[in-house]
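Novice: Let me begin by handing over the structure; questions about it come next.
Just so you know, all these numbers are worked out from the coordinates, no wet-lab data involved. Fair warning: this is a prediction, and the values are worked out from it, not measured in the lab. Positions of Cβ are backbone-derived with ideal geometry, glycine not excepted, and every protein chain shown enters the neighbour counts.
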Amino acid sequence: MSEQTYSSMRTAMVESQLRTSDVDDQRVIAVMAKVPREEFVPVERRAMTYVDRPIPLAGGRALNAPLVTGRLLKEAQIEVGDKVLLIGAATGYAAALLAELGAQVTAVEEEGGAEIALPGVTVVRGPLEAGAPAGAPFDVLFIDGAVEEVPAALVQQLADGARVVTGVIDRGVTRLCAGKVIGGVLGLSSLTDIEMVALPGFGAPKTFIF
């Protein structure tokens with residue numbers, strides 16, 4: 001496809017997916033209209049770039065649908081200069097958007113993932129649930145996927161008052177959640193049910209049944 005075709009598809013994505021689905025932050029809309037998502041999609045799947053569904057990646061992972069990314073960005077309320085801990089960088093699309101919004105991004109991704117080289121983005125390789133303690137404290141925790149729980153290890157890497165956005169899997173239903181860390185305690189509010197890719201390594205602790 002040509003660059004002009006992708007540009008037209010990007011515009012259609014903004015108008016038909018974002019603006020019609022409660023993504024009303026003009027800064028978020030502007031960066032998603034600007035950043036070429038196709039550059040973060042495997043070549044063989046680029047025809048799916050702007051379709052409102054997850055895009056499969058290698059290793060059983062997937063790239064969230066554009067609407068999910070837009071909702072997470074809106075709720076994160078990114079400010080210029082924010083230190084953002086991005087969990088589940090995948091191909092780097094969310095990292096690119098966060099950096100475009102003016103954040104200083106530390107993007108955590110598993111070993112063997114896609115190469116990511118972006119201005120304003122530091123990539124940390126390792127278990128997603130371990131985060132990046134060397135870069136703490138962070139102003140925002142942006143989990144780009146759904147988890148059963150947010151580990152204490154990540155909460156401990158956040159500044160007091162830090163904002164958190166994530167998907168939470170609750171009895172088989174995935175909900176978009178946002179909240180803050182106050183006094184070392186994370187409080188999350190459920191905003192809406194949403195289809196979001198699940199991230200590995202975030203299962204809730206198993207309890208014994210006697």
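Novice: Exactly one of (1) under 16 Å from the mean Cα position of the chain (by Cα); (2) assigned to a loop (DSSP other than H, G, I, E, B); (3) surrounded by 15 or more Cβ atoms within 10 Å (Cβ to Cβ); (4) not β-branched (Val, Ile, Thr) is unmet by Ala96. Its number?
Specialist: Every condition holds for Ala96 apart from (2).
Novice: Considering each residue of the stretch 127-181, count those that are surrounded by fewer than 19 Cβ atoms within 10 Å (Cβ to Cβ) and either hydroxyl-bearing (Ser, Thr, Tyr) or over 17 Å from the mean Cα position of the chain (by Cα) (or both), and give that number.
Specialist: The number of residues fulfilling the criteria is 15.
Novice: Against the condition touching an Asp or Glu at 6+ places or on another chain (Cβ under 9 Å), not hydrophobic (A, V, I, L, M, F, W, C) and not in a helix (DSSP H, G or I), how does Tyr6 come out, does it pass? Give the derivation first.
Specialist: Numbers: touching an Asp or Glu at 6+ places or on another chain (Cβ under 9 Å): yes; not hydrophobic (A, V, I, L, M, F, W, C): yes; not in a helix (DSSP H, G or I): no.
When the stated conditions are applied, Tyr6 does not pass them.
Novice: Test each condition in (1) outside any helix (DSSP H, G or I); (2) without any contact (Cβ under 8 Å) to a residue 40 or more places away in the chain; (3) surrounded by fewer than 14 Cβ atoms within 10 Å (Cβ to Cβ) for Asp24 and report the one that comes out false.
Specialist: Just one mismatch for Asp24, condition (2).
Novice: Which of the residues that make up the stretch 149-176 are in contact with a strand residue (DSSP E or B) (Cβ under 6 Å, 6 or more places away or on another chain), under 19 Å from Asn64 (Cα atoms) and of a type outside the set (A, V, I, L, M)?
Specialist: Listed by number, the residues that qualify are Thr166, Gly167, Thr174, Arg175.
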